[in-house]
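As structure tokens, the structure follows; a few thoughts come after it.
The values are calculated or read from the model by the stated rules, or taken from the named source; none is laboratory data. Worth saying up front: this structure is predicted, and the values here are computed from it rather than measured. Every residue, glycine among them, receives a Cβ derived from its backbone with ideal geometry; neighbour counts consider all protein chains shown. With ligands, DNA and RNA removed, areas are computed over all heavy atoms of the protein, side chains included. Shrake-Rupley method; radii C 1.70, N 1.55, O 1.52, S 1.80 Å.
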Amino acid sequence: MKAIHRLALAVSLALPLSALAGEVEVLHWWTSGGEKRAADTLQRLVEEKGHTWKDFAVAGGGGEAAMTVLKTRAVSGNPPSAAQIKGPDIQEWGELGLLANLDNVAEQGKWDELLPKQVAKVMQYDDSYVAVPVNVHRVNWLWINPEVFEKAGAKPPKTLDEFWAAADKLKAAGFVPVAHGGQPWQDGTVFEDFVLSILGPEDYHKAFVELDEEVLTSDKMVQAFAALKKLREYIDPDAAGRDWNRATGMVIDGKAGMQIMGDWAKSEWTAANKVAGKDYLCVPFPGTQGSFAYNIDSLAMFKLNDEENRKAQEDLARTVLEPEFQQVFNQNKGSIPVRLDQDMSEFDSCAQKSMADFKEAAQGEGLQPSLAHGMAASSYVQGAVFDVVTNFFNDPNADPKQAAKQLAAAIQAVQ
Ligand code: GAL
């Protein structure tokens, strides 16, 4: 081969990386110490493909602030390439005609085969992929500091009665029984766990997916509010406004005994070099063994004009479902891979339990979408529930029966 041809070949081989290098701007709210480590994995892998990563992180657990910023950007005709948009909200953005079609990437990557059917459906608008799922979080977990439990003579609870008994012991021993952050989405997360525990998965579904008025105002729903009220006795006076990761920090530092939170909390334990099953325990929220309230993070892609940026966006989507990303990201994030064929041997005991419980729950009614994390209903319904729950939780004189009625009325009003 002539030198000039060799040069041309070398240039053309090098080209795909540089010539089609684009920029991806990614909106997310993974800003806690542990979650940032997870987000950094995605950035690294995208950069390794030759693209530029523009981080668009908007702090605020649960993502409410991020969604507000996203709407402003979209309204001004300048959305990012990718944004963390989840559950039924994907349909709403799809209806606006703003989302890009990822069918080519999905076909090449055999997404239909890789993903659980239910998950694939949520990622599609009008039968085309418009988003890529990142992980599966479980919301109904209780995080325990075993050393604190031992000092207080408390036992990890399996039922709600055992939960209150453990909380009493922790309180008597001078610990904060439950580390909590008083923010609407955290109040909503805890409330959802009580609902799953007290109503069971089938009635949880009727309440939060079917929005069935009878179940929303039922005696059991009243009991769920009563449990939330009782929880007030076991949180500290500084809970108001506290971020979830600071609440996790209280359990890590041994000030508090437990936290009711989804498994992104594990990202903080991991970042603090703590070992699952030894330094901390994860148990299903009392009374919910067999159920799995899921929260699937996903990145929806916006239509772009620039071809290079479009290529970068497709590479981002491709990367997310690659085994390397699924492993490293989820080990840091606290979630489990969304690919059910993923080798779990390198994951910790909490993640392994989560995967086993996910598969078991998926066999029956146990697998349920999280309302507090935008999986079960529209953001309007979610917002209405948060309002009622937070007002109830912050009012020492609030009446559980009244609250259940308000819940049904508030949901009715936004439908
Ligand atoms: C959820 C999100 C998780 C985690 C959590 C706390 O809505 O799905 O990935 O970030 O909020 O911010």
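Side notes on the structure shown:
- Given (1) under 18 Å from residue 299 (Cα atoms); (2) outside the structural domain of residue 91 (by TED's automatic domain parsing); (3) without any contact (Cβ under 8 Å) to a residue 60 or more places away in the chain, index of the condition residue 327 fails: (2)
- Test for residue 127: is it at positive phi and modelled with pLDDT of 95 or more: yes
- Of all residues in segment 232-268 being hydroxyl-bearing (Ser, Thr, Tyr) and within 11 Å of the ligand (Cβ to nearest atom), the one that is farthest from residue 350 (Cα to Cα): 248
- Of all residue pairs spaced 6 or more apart or on separate chains, those with beta-carbon atoms under 7 Å, a first member in segment 117-138 that is more than 10 Å from residue 101 (Cα to Cα) and hydrophobic (A, V, I, L, M, F, W, C) and a second member that is open to solvent by 20 Å² or more (accessible area, probe 1.4 Å) and within 11 Å of the ligand (Cβ to nearest atom) are 136/294.
- The condition of being farther than 27 Å from residue 242 by Cβ and without any contact (Cβ under 8 Å) to a residue 40 or more places away in the chain holds for only one of 76, 81, that being 76.
- Flag for residue 100 being more than 13 Å from the ligand (Cβ to nearest atom) and either open to solvent by less than 70 Å² (accessible area, probe 1.4 Å) or not assigned by TED's automatic domain parsing to the domain that holds residue 131 (or both): yes
- In segment 181-205, of all residues being crowded, with 18+ Cβ neighbours inside 10 Å and charged (D, E, K, R), the one that is farthest from the ligand (Cβ to nearest atom) corresponds to 203.
- Within segment 131-180, the set of residues being open to solvent by 10 Å² or more (accessible area, probe 1.4 Å), among the β-branched types (Val, Ile, Thr) and either within 15 Å of the ligand (Cβ to nearest atom) or touching a helix residue (DSSP H, G or I) at 6+ places or on another chain (Cβ under 8 Å) (or both) comprises just one member, 176.
- Restricting attention to segment 58-92, the residues that are buried (at least 16 other Cβ atoms within 10 Å of the Cβ) and either within 16 Å of the ligand (Cβ to nearest atom) or not assigned by TED's automatic domain parsing to the domain that holds residue 119 (or both) add up to 19.
- So residue 352, is it open to solvent by 20 Å² or more (accessible area, probe 1.4 Å) and without any contact (Cβ under 8 Å) to a residue 24 or more places away in the chain: yes
- Residues in segment 30-57 that are within 13 Å of the ligand (Cβ to nearest atom) and open to solvent by 30 Å² or more (accessible area, probe 1.4 Å): 31, 33, 36, 37, 57.
- Which numbered condition residue 346 misses (of (1) in contact with an Asp or Glu (Cβ under 7 Å, 6 or more places away or on another chain); (2) open to solvent by 30 Å² or more (accessible area, probe 1.4 Å)): (1)
- Looking at segment 274-391, the helices (runs of 4 or more DSSP H) lying wholly inside it that each contain 3 or more residues that are within 16 Å of the ligand (Cβ to nearest atom) sit at 323-333, 349-361.
- Test for residue 233: is it of a type in the set (Asp, Glu), part of a helix (DSSP H, G or I), modelled with pLDDT of 95 or more and open to solvent by 40 Å² or more (accessible area, probe 1.4 Å): yes
- Residue in segment 192-247 that is farthest from residue 399 (Cα to Cα), counting only those that are under 21 Å from the mean Cα position of the chain (by Cα) and of a type in the set (S, T, N, Q): 245
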